[in-house]
Structure formats: structure tokens, C-alpha cells
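Comments concern the structure below.
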Amino acid sequence: MTGNSVIGEKGGFAEHAQNSFTLPSRYYTDEDIHQQELCKIFQRSWLYVGHISDLPEVGSYITDEVAGQPILVLRAQDDKIQVFFNVCQHRGHLILSGRGQTGNRIVCPYHAWCYGLDGALSTARLTRGVADFDRANFGLKPIQHTIIAGMIFINFNPNATPEDGDLPEFEKTILSHLPEMPNFVAGHRFDFDIKANWKVIVDNFSEGYHIPIAHPTLATLYDEKGGASQIGKRYGFYQKTAKAGFKGFETKGGEPYLTWFLWPNLCLLSLPGSPHLIVLRIGPNGPNQTLEHADIYSPTGADVPNLTAAKSLFAEMFNREDIALVESVQRGLSSLGYDQGRYVADAKGSWFSESGLHAFHKQILEDLASEN
Ligand code: FES
Ligand SMILES: [Fe+2]
């Protein structure tokens, strides 16, 4: 079957959550759909790649593989952030690896072509006799980026605008709740290899319906009543308030418990008790496999008691509970005994509802159906 014929079949999925069946299970297991998602969703959306504090000085760099593309983010001589494909323009070797400090030039490890931090090719050994060779045509290929609250987002589509990704909306709420976010520093980084499709992980993050059942400790942290939610096309935000007397770390009660989702794969969480942001990047790695990067940013990156406790609760309890859930769901989605369930959604799109999940799936289907 071709990708397109599979993509066209939506079963009982409908416009409104209350009438709709969930996304057919093949969307979580099919290799063709996975490839289409990389082209039509990831390679056209704003993707988070790091925070400006991850690149503290001229020559600092990060490499990564994002949506199947090798990328290089660095701080150039003018102190500006630059983003390139991490690919040498001689024969295609990747030019840097990991993260670190490259000094004031980038040297390819294969034949030592040498680039400036602005991406221009500065020297290419033994090329004097190469006919019509102009170094100016062999600079690193740039990727457009934008910086929102200190967070660096890239887009492989050079024509995409921040408005296409609801970034201005996101910037407003993140800065209103965490005004110091542009100065935050990463104190902890975790990587989780998860045996589930990337959407199962975003799905799980998009609804609080499972929290009282699957996260009994987390469920005691906030007040079930009240709170606020905002669901946009490519953006979701939920706010709850902390209850006093949580056993995991000190809370006075009334402090905000915040979560954001930014299309397609960024999930953010700020627990009460200390200023911080847990940034989860859900990186697809095949239809049944995902690499989740979790970076925890806070005012100095240093441990303070409440932050240390929040970090351990996240990494050792809440996220571990979620990984067990999503890996189990992936096995069920791959079974002959399941195709589509129903959304449990209220009209207000409240925290305990699966309205955000439906909005996410609607956008998946819309983007996959687009022509190019
Ligand atoms: S591939 Fe980089 S110098 Fe040859
Ligand atoms: Fe969860």
C-alpha cells in the first residue's frame, strides 16, 4: 500500500472531539506515514534545538539530528546564533559532533576543508588547480531560526513565519509566567529511548485524564478544581495551582503548575516550588521508536532543594510512569485487536479532558493531507 492510500483512511475520526473516534492505529505503526510526517510535519515546523545559554561564548556549538537532518547550531563571532546543516560541502562528511567549543573555525575531519563561524568556506586544500572552483559557492547551507524567550527554534522551510507555528502566542504566555526564561541555564539533561511512536508520547502529555490513575503522587500536587487552559492550532497551555503540603517538595499552595505543548513535538512542564522549566523534545526515530531529550532549565542551573526534588520526581517517578504507559499503548496499537477508540472530551477543553489530544490529531491529519 502506498503512503497516500493509508493516509486517506480516517475511519470514524471526526471534526469535533465529542463525535469522534481516535486516530486509526496505523498512524502509529506505518513506515510510509512516518516518512510523510518527517517531510510534511517536521521539515516544515518550528523545532526547538536548544537555549541560548547552551552556547555561552563565541565558538560554542551543538550538533543534533532533527527530523532525520544533521544540524549544527553555533555562536558566531558577532555573538549571533547561526544554524547550518552539519554537512561539509566537499563530499558530505559531518563536520562536527556532540557539543562543545570549536574555536574560531570549523575544520572537516575528512580532508580538512575549513569554514568560518559564519559558514563561509575559508580554505580548501589543494584546490588551486580545480577548474572554475569558487569557494564562495561552497559555504555551509544555512537553516532559518528564531529565538523566543531564549529558546532557539529552527525551520527547514525557509518561507515559514513564526506566526505559522503560533510562536508569538507561546512567547506571551511563557514570558508572563517565567519572565527570566531568556537567562535560564540547563542544570540537568536526560535522554530516554522509548519504544513508542512519537505521537503516543505527545498524546500522553496532552491530557490530564490519566493523571489521577497513573500518577497517584503527582495527582496530590495540585488542586483538581479550577485552572485555565488554552488550545490553539499548534499550541496548548494548561495551568493548575499547587496544594499546600505536597510530600515531594515544599509548596506553599497556590503556586502555578504549568504545562505547554508546542507543535509538533515540544512539551514543557514547570512544577510548583521553584522556578524552572522541564523541556521535553520528542524526537521520532522510526515509527515505533522515539528519543526523548529532557533538559531542565532554572535561574542558575545549580541545585536548590526544591529543584533537586522536582528533578528526581520527574526523572525517577512521573516520566518513568509515563514511559511504561506509552510503551504499553504502542504494543496495543500494533495489535490486531485494536484500531480506534473514543475521545473523552468536554466542550471546555479542560485539563482532565482529551480535547487537546483531538486538536493535535486533527492537525496531524490536516498537515499530512497537504499537497507539499
Ligand atoms: S568531506 Fe569535508 S573535507 Fe572532504
Ligand atoms: Fe503522564
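Since every read-out is calculated from the coordinates, none of them should be taken as a lab result. Owing to the predicted nature of the structure, the values given are computational and were not obtained by experimental measurement. Cβ placement follows ideal geometry from the backbone for every residue including glycine, while neighbour counts extend to all protein chains displayed.
If you average the C-alpha positions of the stretch 151-226 and of the stretch 271-286 separately, how far apart do those two centres end up, in angstrom?
That distance is 6 Å.
Assign one of three labels to the stretch 189-252, namely rounded, prolate or oblate, based on the Cα gyration tensor with a ≥ b ≥ c the square roots of its eigenvalues; rounded applies when a/c is under 1.5, prolate when it is not and a/b is larger than b/c, and oblate otherwise. It would help to have the intermediate numbers written out before the result.
Numbers: a/c = 2.07, a/b = 1.33, b/c = 1.55.
In terms of gyration-tensor shape, oblate.
Could you work out how far apart the two model spin labels at GLU65 and LYS252 are, taking each label as a point 7 Å from the Cα in the direction of the beta carbon, and quote it in nm?
My value for the distance between the label points is 4.7 nm.
Report the residue, chosen from GLY116, GLY98, GLY248, that carries the largest GNM mean-square fluctuation when the chain is represented by alpha-carbon nodes joined by springs under 10 Å.
Most flexible of the set in this elastic network: GLY98.
Place a point 7 Å from the Cα of THR220 along the Cα-to-Cβ direction; which residues of the stretch 282-316 have their backbone N under 11 Å from it?
None, by backbone N distance to the label point.
Need one number: nm distance between label points at ALA112 and THR300, each 7 Å from Cα along Cα→Cβ, rounded to one decimal.
4.5 nm
Using a ≥ b ≥ c from the Cα gyration tensor of the chain (square roots of the eigenvalues), is it rounded, prolate or oblate, where a/c under 1.5 gives rounded and otherwise the larger of a/b and b/c decides, a/b for prolate?
oblate
I'd like the distance between the alpha-carbon centres of the stretch 347-367 and the stretch 56-86, rounded to an integer number of Å.
Centre-to-centre distance over Cα atoms comes out at 34 Å.
Can you tell me the order of 224-236, 356-368, 24-36 when each peptide is scored by its average per-residue count of other Cβ atoms within 10 angstrom, highest first?
Values: 224-236: 15.9, 356-368: 20.2, 24-36: 18.7.
Answer by packing, highest mean first, reads 356-368, 24-36, 224-236.
7 Å from Cα along Cα→Cβ at both SER53 and ASN104: what's the point-to-point distance in nm?
In this crude spin-label approximation the distance works out to 2.9 nm.
When THR123, THR251 are ordered from fewest to most other Cβ atoms inside 10 Å of their Cβ, what list results?
In increasing order of surrounding Cβ atoms, one gets THR123, THR251.
Within a Cβ distance under 9 Å of ARG44, other residues only, what is the Lys/Arg minus Asp/Glu net charge?
Charge balance in the 9 Å sphere: -1.
Reachable aspartates and glutamates from LYS80, Cα under 18 Å, same-chain residues fewer than 8 places away excluded?
ASP54, GLU57, ASP118
Taking the Cα centre of the chain as origin and charging only Cβ (+1 Lys, Arg; -1 Asp, Glu), how large is the dipole, in debye to the nearest 20?
460 debye
List, in the order given, every pair from LYS172/LYS362; LYS233/LYS311; LYS40/LYS311; LYS199/LYS247 whose Cα-Cα distance in the structure shown is over 26 Å.
Over 26 Å Cα-Cα: LYS233/LYS311; LYS40/LYS311; LYS199/LYS247.
Give the aspartates and glutamates whose C-alpha is closer than 12 Å to that of LYS243, dropping any in the same chain fewer than 8 places away, or say none.
List returned: ASP223, GLU224, GLU255.
Order of GLU354, GLU321, GLU163 from fewest to most other C-beta atoms within 10 Å?
GLU163, GLU321, GLU354
Just LEU333, LEU96, LEU126 to compare: in a GNM of the chain, with alpha carbon springs under 10 Å, which one fluctuates most?
LEU126
Tell me the mean residue ellipticity at 222 nm calculated for the chain from its helices only (DSSP H runs of n ≥ 4, each -39500 (n - 2.57), averaged over every residue, nearest 500).
-6000 deg cm²/dmol
Give me TYR297, TYR257, TYR110 ranked fewest to most by other Cβ atoms within 10 Å of their Cβ, as a rough exposure proxy.
TYR110, TYR257, TYR297
Please give the length that would be gained between THR161 and GLN144 if that part of the chain were fully extended, namely 0.36 nm times their separation in residues minus their C-alpha to C-alpha distance (nm, one decimal).
Once the chain is fully extended between THR161 and GLN144, it gains 5.1 nm.
Do any cysteines in the chain lack another Cys Cβ under 4.7 Å, and if so which?
Taking the Cβ cut-off of 4.7 Å, the unpaired cysteines of the chain are CYS39, CYS114, CYS267.
Subtracting the Cα-Cα distance from 0.36 nm times the residue separation, let me have the gained length for ASN137 to ALA14 in nm, one decimal. Show your work: numbers first, answer last.
Numbers: separation 123, 0.36 × 123 = 44.28 nm, distance 4.97 nm.
Here the answer is 39.3 nm.
Please give the helix 355-369 orientation as an angle from the longest Cα principal axis of the chain, in degrees from 0 to 90, rounded to the nearest 10.
Approximately 40 degrees, to the nearest 10.
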